[in-house]
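Accompanying notes for the structure given below.
FYI, it's all coordinate maths here, none of it is from the lab. Keep in mind that this is a model prediction, so the values were computed, not measured. A quick note on method: Cβ atoms are made from the backbone with ideal geometry, for glycine too, and the neighbour counts reach across all protein chains shown.
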Amino acid sequence: MLYKLKLKNSTEIVLIDENVFEQLSKDPYLKEVDFLNNLRRHSSGCAVFQKTTKKKEGGYQTKTIYLHKLIAESFKLEEKSQTNDLVGAVNGNKLDCRLSNICWRSRAVASRKRKTSSKTGYTGVYKENNRFRAVISLNRKSIHIGMYDTAENAALAYNKKSVELFGEDGKQNIIKTPERPSEAVHELQETRSGLGGRPSAERVNSEMIDREDDGMGGRVFTS
């Protein structure tokens, strides 16, 4: 089973495994600050907890805890190495904090996986006149893949080349469709019970999550 957690500043949701939810719920400090009920969506796309306190010597200090990093360090620390020392998400969604989706990766892989700045919304795809060019970088050099009639076809060509060059570490564009115009926002019914006590969340059937959508959608089962 999984749990869906609501963010305080976004309609998107966070997914975590049941055993992770239970352990974080019992941690004395996290329980004291109501950690799981006070997560926010960071500008980088991950779930974060921040608490600002006044220092004795004057001024203020802010404590920041990134959920995906906390889970990686608490449950998958043995997978960290000198090369793979950054925490990432297999499917690119840092709000999907299932153990199966959290991984340690190298800086080179993290660089390839970062969000695109292209106006088309796809990594390696750029509009030129009325067509779209697909390009990919290898050893700091750009490789021309081809010209295409649509951004989606160019993105698919990029995806194929990315797998050829980098295997499972290659960036994959999520292709937009009329039914799914963006990667985006998933609605969640209000389940927060307020501060204190057991964190408010929805239990989710993990098989249904994997069967429907790309890891963040699916039918909701409340406990």
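See the values below:
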{"item": "Spacing of the two label points (7 Å from each Cα toward its C-beta) at Ile65 and Asp85, in nm", "result": "2.4 nm"}
{"item": "Debye, to nearest 20: dipole size of the stretch 117-172, +1 on Lys, Arg Cβ, -1 on Asp, Glu Cβ", "result": "240 debye"}
{"item": "Theoretical FRET efficiency, 1/(1+(r/R0)^6), r = Cβ-Cβ of Lys55 and Val33, R0 30 Å, to 0.05", "result": "0.95"}
{"item": "Length-normalised contact order of the stretch 117-172 in % [C-alpha pairs under 8 Å, at least 6 apart]", "result": "27 percent"}
{"item": "Distance (nanometres) between label positions extended 7 Å along Cα→Cβ at Arg131 and Ser44", "result": "3.9 nm"}
{"item": "DSSP-loop GluC sites (Glu not before Pro) across the stretch 27-118, with at most 15 other Cβ within 10 angstrom", "result": "Glu57"}
{"item": "The stretch 1-72-the stretch 104-177 distance, computed between alpha-carbon centres (Å)", "result": "32 Å"}
{"item": "Order of Tyr148, Tyr126 under a 10 Å beta carbon neighbour criterion, fewest first", "result": "Tyr126, Tyr148"}
{"item": "The stretch 117-172 - Debye-derived log10 I(q)/I(0), Cα point model, q = 0.21, 0.23 Å⁻¹", "result": "-0.70, -0.82"}
{"item": "Inter-probe distance in nm under a simple model that places probes 7 Å from Cα toward Cβ, at Ser117 and Ile175", "result": "2.8 nm"}
{"item": "Fully extended contour minus Cα-Cα distance, from Leu77 to Arg107, at 0.36 nm per residue", "result": "9.1 nm"}
